[in-house]
Amino acid sequence: MSEVQAVSRRWRRPPVLIRNDFWRRAIYSGALLYLLLAIGTLEVDWQRAYEGLERGARFLQGFLTPDFTSRFDQIQRGMVESVTMTVCSTMVGILISVPIGLGAARNISPLPVYLVCRAIISVSRAFQEIIIAILFVAMFGFGAFAGFVTLSFATIGFLAKLLADDIEEIDPRQAEAVRGTGAGWWQVVNYGVQPQVMPRLIGLSLYRFDINFRESAVIGIVGAGGIGATLNTAMDRYDYSTASAILILIIIFVMLAEYSSGYIRKWIQ
Amino acid sequence: MLSIEALTKRYKTGDLALKDVSFSIERGQVVGLIGPSGAGKSTLIRCINRLVEPTAGAIRLSDVDIPKLGRTQLKTMRRRIGMIYQEYALVERLTVMENVLSGRLGYVSFWRSLSRRYAQKDVDKAFGLLERVGLSDHVDKRADELSGGQRQRVGIARALEQDPELLLVDEPTASLDPKTSRQIMRLICEICREHDLPAIINIHDVMLAQMFVDRVIGLTAGEVVFDGPPAELDHAALTRIYGEEDWREMRKAADEAAQDASDAAAFKAAEEERMAGTV
């Protein structure tokens, strides 16, 4: 038997990002040094932080005793307004997003249309809801209408982009076969594209519905109506118990929306 | 019926997919288009209904020059040309019936097709075709619930629902097992004969092509290198199309495999008999 025991060879996983030993060590230790220096520049007023603890405790105490009753009519009005805003802005947002999404899909739209639609999407996505809300509150005055316009506008950026990306990833053979029968552009969209993207479009719309509800609570703070305005008023009055009641209601509503949308998405698969 | 003259296709990347291809097909003739992968078979049949735009040359179907058609005329022309695809290309989330009726899209208005209100004669025709291909029991099933062979039958019904004057068939059996492949090929060829319909069938499987088609065209690197009846497809012709390879050996191997299979079946039968005897 001429069995020779081979010398064991050591093996280690090679460094993932930076192969060069010197540069790896230099960059990592540089990053660590920067972190330490950056923490050093933070000015913390420990005296102020200590005093704040007491306020924090009062805040938490208020939240542990939610009060639904004393300002019930205001809470109810705010909730109804928020739900109305959410439903309307989601519907209008979807109606506008679908044509823009179709136009922004490179595989079914000509270049000029594509560029215009992508530009609309970029503008809508560039600004955070609060900034848009401030603009629309200035334009339309305080209240739910400004909130409705804000959420509709934000929905377009979200839905149209995701719809367009989804259309760009469809199975092109199915659409080609429909085109091969002599179908026109709208017929290709209806028979070759729509069946492939519909489940995702419905899923995204439901997802956007609960994003819009959450956002309606935030943009109320800058004056765009809804439950956010009620919440803001309660905070300004140091009425933490009412604020707590409102937050609990928001959580319950978002959870309900979450569960039901999950259920619906499973059902349409 | 269909005549192709000096058809050339150069892709944007600069690849010359078809070089000066010319041939013509008579009414009712089933042509098998064979050749190695990348020879331009798919490009050739897609040029005929302009799913791929040809670079130069003429394609005449009943004296209409297809490459010169405008957009609207092209749609009218496409509905006269039925196509059957590799891997079926059915719209998977639509029902079998919707897939078959989509063969009428070139004839009906958008609103009619949107609301799925097709004329009664279109629906009658669709039921008749589903009966013909043996899928009467699956009318309202979604296309992705069917097996491969069944899906390809839906594809055939969709193409015929167009009332085509020409059938283009792209690798109809590429994703099917050998037995289903034969059934599908037989079905396509029978239907062509019933309707006196000319067809061009892209196909990898040379033996299968020889079994069913009237005429074979061999394509290599975008050029026609063989054109004749299947019986003339001998060793020299196959070498011209596919390059050097021992074709006789391959045929012999195929025959032997068939022999082995029947031997195995005989052996198994004998075995079972013996087992039955011992019990």
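The values are calculated or read from the model by the stated rules, or taken from the named source; none is laboratory data. As the structure is a prediction and not an experimental result, all values here were calculated from the model. Using ideal geometry, Cβ is built from the backbone for each residue, glycine included, and neighbour counts are taken over all protein chains shown.
Only one of these conditions is not met by B:Glu87: (1) in contact with a Gly (Cβ under 9 Å, 6 or more places away or on another chain); (2) in a helix (DSSP H, G or I); (3) within 21 Å of B:Arg46 (Cβ to Cβ). Which number is it?
Answer for B:Glu87: the failing condition is (2).
Could you please find all residues in the stretch B:113-123 being of a type outside the set (Val, Ile, Thr) and either closer than 12 Å to A:Trp186 by Cα or more than 13 Å from every other protein chain (Cβ to nearest Cβ) (or both)?
B:Ser113, B:Leu114, B:Arg117, B:Ala119, B:Gln120, B:Lys121
Here is a check on your reading of the model: is B:Val108 within 14 Å of chain A (Cβ to nearest Cβ) and at pLDDT 90 or above?
Numbers: within 14 Å of chain A (Cβ to nearest Cβ): yes; at pLDDT 90 or above: yes.
It is true that B:Val108 is within 14 Å of chain A (Cβ to nearest Cβ) and at pLDDT 90 or above.
Confirm whether B:Gly149 is within 19 Å of B:Val96 (Cα to Cα), small (Gly, Ala, Ser) and either in a loop (DSSP other than H, G, I, E, B) or in contact with a helix residue (DSSP H, G or I) (Cβ under 6 Å, 6 or more places away or on another chain) (or both).
Against the criterion (within 19 Å of B:Val96 (Cα to Cα), small (Gly, Ala, Ser) and either in a loop (DSSP other than H, G, I, E, B) or in contact with a helix residue (DSSP H, G or I) (Cβ under 6 Å, 6 or more places away or on another chain) (or both)), B:Gly149 qualifies.
Pick from the stretch B:94-103 the residues that are more than 8 Å from chain A (Cβ to nearest Cβ) and part of a helix (DSSP H, G or I): which of them is surrounded by the most Cβ atoms within 10 Å (Cβ to Cβ)?
Out of the qualifying residues, it is B:Val100.
Restricting attention to the stretch A:160-189, and to residues there that are in contact with a Lys or Arg (Cβ under 7 Å, 6 or more places away or on another chain) and more than 7 Å from every other protein chain (Cβ to nearest Cβ), which single residue is farthest from B:Glu92 (Cα to Cα)?
Looking at the filtered set, the residue picked out is A:Lys161.
Among the residues of the stretch A:239-257, is there at least one that is part of a helix (DSSP H, G or I), in the same structural domain as A:Val87 (by TED's automatic domain parsing) and among the charged types (D, E, K, R)?
no
Out of A:Gly192, A:Gly157, which single residue is among the small types (Gly, Ala, Ser), within 21 Å of A:Leu95 (Cα to Cα), free of Cβ contacts under 8 Å to residues at least 60 places away in the same chain and at the interface with chain B (Cβ under 7 Å from one of its Cβ atoms)?
A:Gly192
Could you give me the residue pairs with C-beta distances under 6 Å whose first residue belongs to the stretch A:84-95 and is at pLDDT below 95, whose second residue is not acidic (Asp, Glu) and not in a helix (DSSP H, G or I) wherever it lies, and which are 6+ apart or on separate chains?
Partner pairs satisfying both residue conditions: A:Met85/A:Gly226.
One line per residue, one yes/no per condition, for (1) in the same structural domain as B:Val64 (by TED's automatic domain parsing); (2) over 30 Å from B:Leu16 (Cα atoms); (3) modelled with pLDDT under 90; (4) in contact with a strand residue (DSSP E or B) (Cβ under 9 Å, 6 or more places away or on another chain):
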| position | (1), (2), (3), (4) |
| --- | --- |
| B:Gly148 | no, yes, yes, no |
| B:Arg151 | no, yes, no, no |
| B:Thr173 | yes, no, yes, no |
| B:Arg186 | yes, yes, no, no |
| B:Ile201 | yes, no, no, yes |
| B:Val213 | yes, no, no, yes |
| B:Ile217 | yes, no, no, yes |
| B:Val224 | yes, no, no, yes |
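For the stretch A:131-146, name all the residues that are surrounded by fewer than 17 Cβ atoms within 10 Å (Cβ to Cβ) and either touching a helix residue (DSSP H, G or I) at 6+ places or on another chain (Cβ under 6 Å) or without any contact (Cβ under 8 Å) to a residue 60 or more places away in the chain (or both).
A:Ile131, A:Leu135, A:Ala138, A:Met139, A:Phe140, A:Gly141
Considering the stretch B:35-93 alone, what residues qualify as being acidic (Asp, Glu) and more than 9 Å from chain A (Cβ to nearest Cβ)?
Across the stretch B:35-93, the qualifying residues are B:Glu53, B:Asp63, B:Asp65.
Give the stretch A:182-214 a look and list any residue that's buried (at least 21 other Cβ atoms within 10 Å of the Cβ), in contact with a Phe, Trp or Tyr (Cβ under 9 Å, 6 or more places away or on another chain) and farther than 24 Å from A:Ser122 by Cβ, or say none.
Those that are buried (at least 21 other Cβ atoms within 10 Å of the Cβ), in contact with a Phe, Trp or Tyr (Cβ under 9 Å, 6 or more places away or on another chain) and farther than 24 Å from A:Ser122 by Cβ: A:Gly182, A:Ala183, A:Gln187, A:Phe213.
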